[in-house]
Amino acid sequence: MSNDLHYFAHETSVVDEGAIIGKGVKIWHFSHIMPLAELGDGCNIGQNVVISPKVKLGRNCKVQNNVSLYTGVTCDDDVFLGPSCVFTNVTNPRSAVIRRDQYAQTHVGHGASIGANATIVCGHDIGAFAFIGAGAVVTKDIPNYALVMGNPAKQHGWMSAFGHRLHFDDNGLAVCPESGEQYELQDHCVRPIESAT
């Protein structure tokens with residue numbers, strides 16, 4: 001248990017001085033949170049996770065086992081990172097060439113989910129509530145609510161904020177079967193329709 005009572009860190013984990021840890025965070029076995037990393041309130045960090053300096057996680061992010069988040073990665077609130085998904089931060093790495101001043105930025109939007117064993121090539125943004133399928137290799141920006149799969153990742157549809165596939169009618173309207181929230185598809189962009197109540 002951490003000496004800092006506002007979060008839990010398993011005795012095998014390492015939380016470096018200078019890391020910023022929010023309230024209610026849980027950090028599990030063999031994970032390492034490095035200096036200047038920021039974890040928002042309520043995050044759950046699984047087993048064998050590395051979070052590098054200057055990585056920022058919003059509130060309630062869930063990072064599953066065996067994920068490494070390298071400098072340059074930022075995540076908004078409620079992001080889900082599946083087991084063993086991979087982020088990079090240099091586009092042309094060479095062991096003999098130092099490129100620490102050339103880290104590319106990768107931003108994961110609010111509520112997005114990244115499936116197990118997916119690879120996110122650095123320098124691309126993943127939109128809010130996007131859904132990246134297991135094993136996908138992302139090589140470009142992903143729109144809000146997009147469902148992408150494969151290598152390289154290609155779009156196969158749209159997802160609701162509750163994680164259900166959206167089926168749009170001829171008028172470009174769809175309803176999430178779980179939440180009842182309505183969505184509109186227009187000009188290859190999806191947005192929720194605000195309720196009048």
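Here are the numbers for the structure shown:
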quantity	calculated
Residue ID - surrounded by the fewest Cβ atoms within 10 Å (Cβ to Cβ), chosen from residues in the range 125-145 that are over 10 Å from the mean Cα position of the chain (by Cα) and within 14 Å of CYS85 (Cβ to Cβ)	ALA134
Residue that is modelled with the highest pLDDT, among those in the range 81-94 that are outside any loop (DSSP other than H, G, I, E, B) and over 12 Å from HIS107 (Cβ atoms)	LEU81
Positions within the range 35-45 being part of a strand (DSSP E or B) and either among the charged types (D, E, K, R) or in contact (Cβ under 8 Å) with a residue 60 or more places away in the chain (or both), in sequence order	GLU38
Members of the range 45-75 found to be in contact with a Gly (Cβ under 9 Å, 6 or more places away or on another chain) and closer than 22 Å to GLY135 by Cα, listed by number	CYS61, LYS62, VAL63, GLN64, ASN65, ASN66, VAL67, GLY72, THR74, CYS75
Of the criteria (1) surrounded by 18 or more Cβ atoms within 10 Å (Cβ to Cβ); (2) in contact with a strand residue (DSSP E or B) (Cβ under 7 Å, 6 or more places away or on another chain), which one GLY42 fails	(2)
When residues of the range 46-80 are limited to those that are among the aliphatic types (A, V, I, L, M) and in a strand (DSSP E or B), the one farthest from THR119 (Cα to Cα)	LEU57
Selection within the range 65-99 - of a type in the set (Ser, Thr, Tyr) and touching a residue at least 24 places away in the same chain (Cβ under 8 Å)	TYR70, THR71, THR74, SER84, THR88, THR91
Every residue from the range 142-192 that is of a type outside the set (A, V, I, L, M), assigned to a strand (DSSP E or B) and out of contact with any Asp or Glu (no Cβ under 6 Å at 6 or more places or on another chain)	LYS154, GLN155, HIS156, GLY157, TRP158, ARG165, GLN182, TYR183, GLU184, GLN186, CYS189
Residues satisfying the stated conditions in the range 165-191, i.e. crowded, with 16+ Cβ neighbours inside 10 Å and either touching a residue at least 24 places away in the same chain (Cβ under 8 Å) or closer than 20 Å to GLY133 by Cα (or both)	LEU166, CYS176, TYR183, LEU185, VAL190
Condition met for ALA116 (touching a residue at least 40 places away in the same chain (Cβ under 8 Å), touching a Pro at 6+ places or on another chain (Cβ under 6 Å) and assigned to a loop (DSSP other than H, G, I, E, B))	yes
Any hit, the range 180-188, residues being at pLDDT 95 or above, more than 21 Å from the chain's Cα centre (by Cα) and among the aliphatic types (A, V, I, L, M)	yes
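The values are calculated or read from the model by the stated rules, or taken from the named source; none is laboratory data. Keep in mind the model is a prediction, meaning the values are calculated, not measured. Neighbour counts run over all protein chains shown; Cβ positions are idealised from the backbone, glycine included.
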